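The values are calculated or read from the model by the stated rules, or taken from the named source; none is laboratory data. Source: prediction; values computed, not measured. Every residue, glycine among them, receives a Cβ derived from its backbone with ideal geometry; neighbour counts consider all protein chains shown. In case anyone asks, the SASA skips ligands and DNA or RNA and just uses the protein heavy atoms, side chains included. Shrake-Rupley method; radii C 1.70, N 1.55, O 1.52, S 1.80 Å.
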Amino acid sequence: MVNYGNSVHLKKWALFLFLWHFFRIFAPAIMKQKPICLLLAVSMMLLGACKEKKNTGDIITTKYEPKALVAPIKMSEDRQTKSIVWLGKTYQVDISRLPADSLSKLKDDNGQQYVDNRIVVNISRQDGTKFFHRSFVKDAFVAYLDEPFKRNGQLVSILYNEIDDSALEFSVVVGMPDAPDDLFVPLKMIIDRQGTVRVEKDDDMDMLDYDVDDD
């Protein structure tokens, strides 16, 4: 290994020897003609030698500190309502999302825990009677999920989308809790006029790539 400290000293010693021989040979002649120029030249060389920085050879690195784990993280509660006209009648669609502590906790790659959600879909007629009322958790969609999402995916949202072929269409998102906007599975949930629910993959919205450790 090169000792940079000794190398710096050797350079300074070599400079000293050079200056010594220089003065012995040329100083008498120069002093007779231009003493000021000699003084300036010597000052410049000494200044350059003094400014030479010592290279210790040390490499400075930043110590990695893993993010501290906190209590299980919850998404905020959310509620959306929309009035629609379906089959010639007015309906009120009410969707509520609530963190569900009773469900199994989810984990990201760092071991941070998250709380999964329960989403309630309620569809009421104009007179206030209920046409449809059901509480959904991730298990309702597990048949359409790959293993990483089955294990640690979070039920992020159910949103009313549109009326399609005399049925109500909803968008469902199951995502990784630490990056639900980037790593998710999009699904369609369809409710027909009898209140029957059908779920399918949403071909209009590609699932983004993910890389999750299966261990």
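Set side by side, the residues F136, F131, F170 differ, and just one is more than 24 Å from V115 (Cβ to Cβ), touching a Lys or Arg at 6+ places or on another chain (Cβ under 8 Å) and modelled with pLDDT of 95 or more, which is F131. Among residues of the stretch 96-109 being in contact (Cβ under 8 Å) with a residue 60 or more places away in the chain and over 20 Å from R134 (Cα atoms), the one that is least open to solvent (accessible area, probe 1.4 Å) is L106. Of everything in the stretch 104-122 that is assigned to a strand (DSSP E or B) and among the charged types (D, E, K, R), the residue that is nearest to V174 (Cα to Cα) is R118. The residue pairs whose first member lies in the stretch 149-165 and is at pLDDT 95 or above, whose second member is loosely packed, with under 15 Cβ neighbours inside 10 Å and not in a strand (DSSP E or B), and whose beta carbons are closer than 8 Å, counting only pairs six or more residues apart or on different chains, are K150/V142.
Name the strands (runs of 3 or more DSSP E) wholly inside the stretch 123-203 in which the number of residues that are under 20 Å from S96 (Cβ atoms) and open to solvent by 70 Å² or more (accessible area, probe 1.4 Å) is 3 or more. Reasoning before the result, please.
Details: elements: 130-136, 154-164, 167-175, 184-191, 197-201.
Per the criteria, 130-136.
Does any residue of the stretch 182-191 turn out to be among the charged types (D, E, K, R) and modelled with pLDDT of 95 or more?
Filtering the stretch 182-191 down to residues among the charged types (D, E, K, R) leaves 182, 188.
The next check asks that each one be modelled with pLDDT of 95 or more; those that pass are 188.
Yes.
Look through the stretch 81-95, keep the residues that are open to solvent by 90 Å² or more (accessible area, probe 1.4 Å) and out of contact with any Phe, Trp or Tyr (no Cβ under 6 Å at 6 or more places or on another chain), and return whichever of them is farthest from S157 (Cα to Cα).
Let us first name the residues in the stretch 81-95 that are open to solvent by 90 Å² or more (accessible area, probe 1.4 Å), namely 82, 85, 89.
So of that shortlist, the ones also out of contact with any Phe, Trp or Tyr (no Cβ under 6 Å at 6 or more places or on another chain) come out as 85, 89.
Working: V85: 23, K89: 26 Å.
It comes out as K89.
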